[in-house]
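Throughout, read-outs are computed from the coordinates displayed, never taken from laboratory work. Please read these numbers as outputs of a predicted model, since none were measured by experiment. Don't worry about glycine lacking a Cβ; one is built from the backbone with ideal geometry, like all the others, and counts go over all protein chains shown.
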Amino acid sequence: MRRETFSQISNLKISNLFFLLAINMNIKDINFKGKKALVRVDFNVPLDADFNITDDTRIQAALPTLRHILDNGGSAIVMSHLGRPQKKLNEDGSINTRKFTLRHVAGYLPNVLNCIVKFADDAIGEETEKYVAELKPGEVLLLENTRFYKGEKKGNSEFAKQLAKFGDIYINDAFGTAHRAHASTTTVANYFAPENRAFGLLMENEIKNATYALNSEERPITAITGGAKVSDKLLLLESLLDRVDNLIIGGGMAYTFAKAQGGSIGNSLCEEDKLDLALNLLKTAKEKNVNIYLPTDNKIADGFSNDANNQFASTSNIPDGWMGLDIGPESIDTFREVLLNSKTILWNGPMGVFEFENFASGTKAIANAVADATAKGAFSLVGGGDSVAAVKQMGLGDKVSFVSTGGGAMLEFLEGKELPGIAAIQGNVA
């Protein structure tokens, strides 16, 4: 498996402005001794009915940055959101603090950081200011959910200014929210001089790996895209056609392509208003010498349920009353062969209805193929909820080159969009 990614990156002719600017803003160049670092992380972790953390991946991903600050004589004031409290208010219109409080995370942090972790019941305010003032080097203060304030999602300057006064240095390590122009991810950076703001180690890794994958000279480059709708991945598909040699398309969006080419897809998901678009994408791919791989067979069902009757059918000949919910064995073999002959792989999106165990085989097979290709020397980047879930569920997280923590953020980065959380550190946001 290839682990020399960063040294390879330095030798690339990279046109991505994000990366060119980002490498000059290294957290390791900052002196944290005696300083308070305001750190934006992504602790939006899943909780069970009793508010126990069921997956600490995002917490683990932030630990290297926090440890670096503490080990170098600094203290950390940590900000994050948890869920969508403004959209799920109590019946009286108040914030559901019991469900969305970051106190659920505060009790967990000392076990993984091995240091004193204090909790502020508010993200801002006089009491929080006292906590900050009393914070000693080597200690951590976790602020309450930033989304308890409407000003967070609005990118409110006054809210950001109140957060900014807590720290001497601002570190953004929340790649998962880098595509959101929120107060704690974007606006707050305006209140710190360029030399006092930087990406955290996680954010830096995300940028470096994504940039490498997009600009790799190790060919062939294969992108795997899945998901329900062509419209959700349109910008990604168009962007990839300028970068890759092979494009594998699975998931619900594949049936729009199948129908556009005259196939019978039964009750499968289809965007009728995107048929011409699908044909145009196929035409463009041909003009750019990009090989498009669509499923040739599928596992179909007579209802949208894990327990529905199922069988296999050709993609272009799905009976009425049946719908495709996963790719079939022939498609799996074809896709696997393409992947095993690839040198660079990007994967975003499932091959079927991954949440249904009976229709998860295609996605799992792709996960195995990506891992096997990586073992042969390919560089592989996995990003997107179900893709990442498949890799982790199968214990393959350390068998691929890089697993992104950002779903929507990684998607927008691969589409070529400027992410506000990245641009703010670079000083590109007013």
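With Rg and the Kirkwood Rh both taken from Cα atoms, where does Rg over Rh land for the chain? Let's see the in-between values first.
Details: Rg = 22.9 Å, Rh = 22.8 Å.
Looking at the chain, the ratio lands at 1.00.
Using a Gaussian network for the chain with springs between C-alpha atoms less than 10 Å apart, which of these wobbles most: ASN44, ASN52, ASN209?
Its mean-square fluctuation being the largest, the pick is ASN52.
With springs connecting C-alpha atoms under 10 Å apart, model the chain as a Gaussian network and identify which of ALA308, ALA260, ALA213 has the largest mean-square fluctuation.
ALA308
Take the Cα atoms of segment 216-414, build their convex hull, and give its volume per residue in Å³.
Spread over its residues, the Cα hull of segment 216-414 gives 99 Å³ apiece.
With springs connecting C-alpha atoms under 10 Å apart, model the chain as a Gaussian network and identify which of ILE27, ILE318, ILE53 has the largest mean-square fluctuation.
Residue with maximal mean-square fluctuation among ILE27, ILE318, ILE53: ILE53.
Out of segment 28-106, which trypsin sites (Lys or Arg not before Pro) are coil in DSSP terms and have no more than 10 other C-beta atoms within 10 Å?
Values: sites: LYS28, LYS33, LYS35, LYS36, ARG40, ARG58, ARG67, LYS87, LYS88, ARG98, LYS99, ARG103; in loops: LYS33, LYS35, LYS87, LYS88.
Listed in order of number, the matching sites are LYS33, LYS87.
Go through 405-411, 133-139 and give me the packing order, highest mean Cβ count within 10 Å leading. Could the numbers behind the result be given before it?
Values: 405-411: 22.1, 133-139: 13.3.
Put in order of decreasing packing, that is 405-411, 133-139.
How large is ³J(HN,Hα), in whole Hz, for each residue of segment 51-68 in order, when computed from phi with the Karplus curve 6.51 cos²θ - 1.76 cosθ + 1.60 and θ = phi - 60°, using x for Gly and Pro?
6, 8, 5, 9, 8, 9, 3, 5, 5, 4, 5, 8, 4, x, 5, 5, 5, 4
Report, for the chain, the % of DSSP beta bridges that are antiparallel, rounded to 5.
Values: 10 of 48 bridges.
For the chain, the DSSP antiparallel bridge percentage is about 20.
Could you give the semi-axes, largest first, of the ellipsoid that matches segment 5-204, computed as the square roots of 5 times the alpha carbon gyration tensor eigenvalues and rounded to whole Å?
Numbers: eigenvalues 143, 72, 63 Å².
After diagonalising the Cα gyration tensor, the semi-axes are 27, 19, 18 Å.
Taking the Cα atoms only, what angle lies between the long axis of helix 329-340 and the longest principal axis of the chain, rounded to 10 degrees?
60 degrees
Counting Lys +1, Arg +1, Asp -1, Glu -1, what net charge surrounds GLU415 among other residues with beta carbon under 13 Å of its beta carbon?
Values: positive: LYS233, ARG243, LYS417; negative: ASP232, GLU238, ASP242, GLU412, GLU418.
Here the count lands on -2.
Can you tell me how much longer the chain between LEU279 and LEU89 gets when fully stretched, taken as 0.36 nm per residue apart minus their C-alpha distance, in nm with one decimal? Walk me through the numbers before you get to the answer.
Numbers: separation 190, 0.36 × 190 = 68.40 nm, distance 4.42 nm.
Using 0.36 nm per residue and subtracting the Cα-Cα distance, I get 64.0 nm.
Output the antiparallel fraction of DSSP beta bridges having both residues in segment 276-408, as a percent to the nearest 5. Intermediate values should be presented prior to the final figure.
Working: 9 of 15 bridges.
Taking every DSSP beta bridge with both residues in segment 276-408, the antiparallel ones total about 60 percent.
State the extension gain, in nm to one decimal, for the chain segment bounded by LYS99 and LEU235, taking 0.36 nm per residue of separation less the distance between their alpha-carbons. Can you show the working numbers first?
Numbers: separation 136, 0.36 × 136 = 48.96 nm, distance 3.55 nm.
Extending this stretch completely gives an extra 45.4 nm.
Mean residue ellipticity at 222 nm from the helices of the chain, using -39,500 (n - 2.57) per DSSP H segment of n ≥ 4 over the full residue count, to the nearest 500 deg cm²/dmol? Intermediate values should be presented prior to the final figure.
Details: 18 runs with 156 residues, N = 430.
Here the helix-only value at 222 nm equals -10000 deg cm²/dmol.
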